Amino acid sequence: MMCTVFKNINTYKIFLVSFVSALLIVAVKYVFHDFGWEPIEQSSLHNGVISSATLVIGFLLSATIADYKESERIPSEFAANIEDMYVDAAVIHKTYPKFDLEGFRKQLKKIAYKFEDDTRNASRGMSAKIHALSPYFGEMETAGVPPNFIVKLKQQQLLLLKHRKRVTYIQRIKFIPSANILLKSIVFFVIGLLILTNVDPFYGSLAIIGIISFVLIYMMILIGVISTPFQESGKTRDDVSLFLIDSTADFLKTKK
């Protein structure tokens, strides 16, 4: 029961952090207003500042979401590639049975299982497991398999390696680190500006300040989360699902 509650809280982590932060900002704003610590008068420039902040956030979100969308495609392509390699090898084995199809299947299964561990837990070793397919291609050549069949399998092996390298790059490299620093600076600056501005009517504006703060903080955290799309499963609602990889591993497990 407690594990389920904790998992649900973890799932809504971004919302809860943003909501609590917005409440704290509203409380700080109330204290500043009560003590008269609001030296800045409200003007039309405030609209320009908030619009500029929204523009920068929109730019960073659109740029980061491109890598996230690519990350969503990679598991399906990776899984389909593995299944296709096995199906091709199984068909070839019927005509040229002198290579180790069972070993080839087990190696593909290891690659499928290693994908999740390699991405979510930042482990190592999947590249070596992909390269370990090469000896089976040598066996195929010895068994007399036509070169065009082997070339196709080698091209698929290369695609697996490319997907693995691309995922590693997306996981580790932040999109324009200086832009992320700018994003955080703008969010804190806008929130600080709202706290120090004398707004009227106060209570109506207090609610708007809370909403603006919630949106800004939520978007700032969200951009940070989706810039690392393969997070620990269940850590947030936004991590890329790897159920297709698991399905492929199950498919290979049944082909004995």
(request) Express in nm, to one decimal, how much length is gained between residue 158 and residue 16 on full extension, taking 0.36 nm for each residue of separation and deducting their alpha carbon distance. (result) 46.9 nm
(message) Could you tell me how far the Cα centroid of segment 157-217 sits from the Cα centroid of segment 123-144, in Å?
(response) 44
(request) On a 0 to 90° scale, report how tilted helix 202-226 is relative to the longest principal axis of the chain, with both axes built from alpha carbons and the result rounded to the nearest 10. (result) 20
(request) Multiply the residue separation of residue 231 and residue 247 by 0.36 nm, subtract the distance between their alpha-carbon atoms, and state the gained length in nm to one decimal. (result) 3.8 nm
(request) For an R0 of 30 angstrom, estimate the FRET efficiency from the Cβ-Cβ distance between residue 59 and residue 28 and round to the nearest 0.05. (result) 0.55
(message) Under the 0.36 nm per residue contour assumption, what length would be gained going from the current alpha-carbon distance of residue 132 and residue 173 to full extension?
(response) 12.0 nm
(request) Kindly list the residues of segment 192-232 that lie in the label zone of residue 166, defined by a backbone N under 16 Å from the point 7 Å along the Cα-to-C-beta vector. (result) 229-230
(request) Working from Cα positions, state the angle (0 to 90°, nearest 10) between the long axis of helix 177-196 and the longest principal axis of the chain. (result) 20
(message) Rg over Rh of segment 2-254, using C-alpha atoms and the Kirkwood radius, what does it come to?
(response) 1.20
(request) On a 0 to 90° scale, report how tilted helix 134-143 is relative to the longest principal axis of the chain, with both axes built from alpha carbons and the result rounded to the nearest 10. (result) 20
(message) Quick one: 3J(HN,Hα) in Hz for segment 65-79, Karplus 6.51/-1.76/1.60 with θ = phi - 60°, rounded, Gly and Pro as x.
(response) 5, 5, 5, 5, 4, 5, 5, 5, 7, 4, x, 5, 5, 5, 5
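FYI, it's all coordinate maths here, none of it is from the lab. Please read all numbers here as calculations on a predicted model, not as lab measurements. Cβ coordinates were reconstructed from backbone atoms using ideal geometry, including for glycine residues, and neighbour counts include every protein chain displayed.
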